[in-house]
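K.L.:
My questions all concern the structure below.
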Amino acid sequence: MNPRTSRRDTERAMLATSIVLATWWVAVLAPDAEAYIDPSAGGMLVQLLLAGTAGVAVLVRLFWVRIKRLFGASDSAEPGAPSSGTDRPHDGV
Amino acid sequence: MTEFDPASFRDPSGRLFRHAGALYRTCSPEALASFVRARESGLMAELETAGILVPTTLVESAAEGLSPAEVGQQLLKQRELAMVSYSYEWSFSMLRDAARLTLGALEICLAKGYVLKDATSFNVLFEGTMPRLVDIHSIEPRVEGSLWAGYAQFCRAFLFPLLLASYKSLDPRPLLLGGLGEIPVNEAARSFGWRDRFRPGVLVNVAVQQKLERRFAGRAEDVGKAAASIKYPISALHAQVGKLRKLIDGLPLPQGDAWTSYTATRTYDDEGTRAKEACVARSLEEMAPGRVLDLGTNTGQFARLARRSGARVVAVDLSPACIDAVYCESPGDVGLSPVVADLTKPTPAIGWRNIERRALLDRLRGDSVLALALVHHLRITGGIPLAEVLDLLTGLAPTGVIEWVGREDPMVKRMLALRPDVYEDFTRETFEALLQARARVTRREALPGSRMLYGFDRR
């Protein structure tokens, strides 16, 4: 087998594994928030997950506080920029 | 004073109203500019040629006999579709085709730099068995690098109900009815077990989306910032739409129900069927209806017979599997409208002020009604008194054919076997007297067995 192909396969497998692990962590281990449910925050974030490496990096940034806490760092909430709602009013008629 | 459609108030782009048999949409300045640009780009023509979009023209309100002060100088005009049905009245294949149509429209829009800003099932109406995109204001220019804002709604309106129907054989219609055409991500996620996460589409679109939604419930600002920070390439959006399409195409049909095999297991033979067909065909010739309501259509045998006579047909049945069979057997027929509905509990009006989406009986009107092998089900299984049944049937259309199936019939015997016989009015004499009190009886024909066909005319 071509060693180059095999290395690419390994890299691809590693990337796939890390995405699966990140997904698993998000889907299973991340605790739920007990607040008002934003109508489509999940929908937007899933698309980030589907967007590939860049999107996953953004997701990781969103989880950064939690990841730091996992390794013993203390909380320091980052202020968020205001944004408009994600679900637009619609009639569908 | 223009009376706007009670379902058009949310979208600031425009409102909908009817005038002289046509549909009009008012346009905000932005929506008007967007439509004109999209039309110049060839997008509208492409969507119309592909049969996706209901033909839409820009008209001057004054030329249409409308007040510009009230509805604006320019308006969008569309033809009105004969029968409106909602996603909670569609079978699996209908919902799937409406989903495909939405994705197909989105792909064409993306290629021209546009996007569908929402993805509710109410954007799609069926013209017979052809789904059409009707909500023109849903099309708007795409902001470069943006995610598809309609994705989550597409999941709630199309993907979740399709996954639940296909994987769990769960009828999504009650959930769609209760949720104004959408199933919330929480309800979808709770309906799937652990093992379902390994089935295509469930882990990411349902489980992960729900977890992310709950996890980031209180951090909408962060999510907005994160989404804005990434330039989502158009190729990624195309790939996402392609994946959704592949997922939806690959879903196995839900299991059938007892009604789909009804034609095979029913209690009369080929001779009886032929006699009944001949009699119904003669009646249709006499009544010459423009529009027929075939109630309890089963797999659509008589709906197709009426269709061959030249009438437009609305075929109603309580069984989603039967309506799916009716739908799949007549692809591309703009004159046959299949509807899943139980006449003992017809679809209510729902939404804002209880008038946003209309009740079935307000939408169901015809020139002739066919009620073949239906009355005994309504009377015995449904518990509806015969007088009420006939009020409904003769009220829906001025003429019609009603089949009487009496107590001697093996099916009726089976229905009565496990319940106390409290159906005193269930006799042929009572039936005839009640029908005569409501309409002129134009036909009284005996079929093999103990069945009778009655024609009525109340004009």
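K.L.:
Condition first: in a helix (DSSP H, G or I) and either polar (S, T, N, Q) or more than 14 Å from every other protein chain (Cβ to nearest Cβ) (or both). Now tell me which residues in the stretch B:158-172 satisfy that.
P.N.:
Residues satisfying the conditions are B:Pro161, B:Leu162, B:Leu163, B:Leu164, B:Ala165, B:Ser166, B:Tyr167, B:Lys168.
K.L.:
Output the number of residues of the stretch B:177-194 satisfying the condition of being within 22 Å of the chain's Cα centre (by Cα) and more than 13 Å from every other protein chain (Cβ to nearest Cβ).
P.N.:
Number of matching residues: 3.
K.L.:
Being under 15 Å from B:Glu48 (Cα atoms) and surrounded by fewer than 24 Cβ atoms within 10 Å (Cβ to Cβ) is the filter here; which residues of the stretch B:110-124 pass it?
P.N.:
B:Lys112
K.L.:
Would a scan of the stretch B:398-407 turn up a residue that is closer than 24 Å to B:Gly128 by Cα and without any contact (Cβ under 8 Å) to a residue 40 or more places away in the chain?
P.N.:
Taking every residue of the stretch B:398-407 in turn, none turns out to be closer than 24 Å to B:Gly128 by Cα and without any contact (Cβ under 8 Å) to a residue 40 or more places away in the chain.
K.L.:
Filter the stretch B:107-124 down to residues that are out of contact with any Ser or Thr (no Cβ under 6 Å at 6 or more places or on another chain) and within 26 Å of B:Pro320 (Cβ to Cβ) and give me whichever is farthest from the other protein chains (Cβ to nearest Cβ). First the steps, then the outcome.
P.N.:
Step one: list which residues in the stretch B:107-124 are out of contact with any Ser or Thr (no Cβ under 6 Å at 6 or more places or on another chain), which gives B:107-111, B:113-115, B:120, B:122, B:124.
Add one more test, that the residue is within 26 Å of B:Pro320 (Cβ to Cβ), and what stays is B:120, B:122, B:124.
Numbers: B:Thr120: 4, B:Phe122: 3, B:Val124: 8 Å.
Filtering first and then ranking leaves B:Val124.
K.L.:
Could you list all residues from the stretch B:125-157 that are within 12 Å of another protein chain (Cβ to nearest Cβ), outside any strand (DSSP E or B) and either touching a strand residue (DSSP E or B) at 6+ places or on another chain (Cβ under 7 Å) or closer than 30 Å to B:Leu336 by Cα (or both)?
P.N.:
B:Val134, B:Asp135, B:Ile136, B:His137, B:Ser138, B:Trp148, B:Gly150, B:Gln153, B:Phe154, B:Cys155, B:Arg156, B:Ala157
K.L.:
Take the stretch A:39-71 and flag every residue that is in a helix (DSSP H, G or I), among the polar types (S, T, N, Q) and under 27 Å from B:Arg156 (Cβ atoms).
P.N.:
Looking only at the stretch A:39-71, we keep the residues that are in a helix (DSSP H, G or I), and these are A:41-50, A:53-62, A:64-70.
Narrowing the set further to residues that are among the polar types (S, T, N, Q) leaves A:47, A:53.
Of everything in the stretch A:39-71, just one residue is in a helix (DSSP H, G or I), among the polar types (S, T, N, Q) and under 27 Å from B:Arg156 (Cβ atoms), namely A:Gln47.
K.L.:
Here is a follow-up. Under the condition of being part of a helix (DSSP H, G or I) and more than 10 Å from every other protein chain (Cβ to nearest Cβ), which residue from the stretch B:195-234 is nearest to B:Leu163 (Cα to Cα)?
P.N.:
First, pick out the residues of the stretch B:195-234 that are part of a helix (DSSP H, G or I): B:195-198, B:202-215, B:220-229, B:234.
With the extra rule that they be more than 10 Å from every other protein chain (Cβ to nearest Cβ), the set shrinks to B:195-196, B:198, B:202, B:234.
Values: B:Arg195: 14, B:Asp196: 10, B:Phe198: 13, B:Val202: 8, B:Ile234: 26 Å.
Ranking the candidates gives B:Val202 first.
K.L.:
For the stretch B:241-263, check the following and say yes or no: at least one residue is closer than 27 Å to B:Lys117 by Cβ, facing chain A (nearest Cβ under 8 Å) and either among the polar types (S, T, N, Q) or not in a helix (DSSP H, G or I) (or both). Reasoning before the result, please.
P.N.:
Here is the first cut: in the stretch B:241-263, the ones closer than 27 Å to B:Lys117 by Cβ are B:241-249, B:251.
Right, trim to facing chain A (nearest Cβ under 8 Å) and you get B:243.
Cutting the leftovers down to either among the polar types (S, T, N, Q) or not in a helix (DSSP H, G or I) (or both) gives us none.
Within the stretch B:241-263 (the criterion being closer than 27 Å to B:Lys117 by Cβ, facing chain A (nearest Cβ under 8 Å) and either among the polar types (S, T, N, Q) or not in a helix (DSSP H, G or I) (or both)), the answer is no, since none of the residues qualifies.
K.L.:
Hey, which of the strands (runs of 3 or more DSSP E) in the stretch B:355-452, taking only ones fully inside, have at least 3 residues that are surrounded by 18 or more Cβ atoms within 10 Å (Cβ to Cβ) and assigned by TED's automatic domain parsing to the domain that holds B:Pro338? Even if it seems obvious, please write down each step before you answer.
P.N.:
Details: elements: B:368-371, B:399-404, B:440-446.
Strands (runs of 3 or more DSSP E) meeting the threshold: B:368-371, B:399-404.
The values are calculated or read from the model by the stated rules, or taken from the named source; none is laboratory data. What you are looking at is a predicted structure, and each value in this text was computed from that prediction instead of being measured. Because the Cβ atoms are built from the backbone with ideal geometry, glycine has one as well, and the counts that use them run over all protein chains shown.
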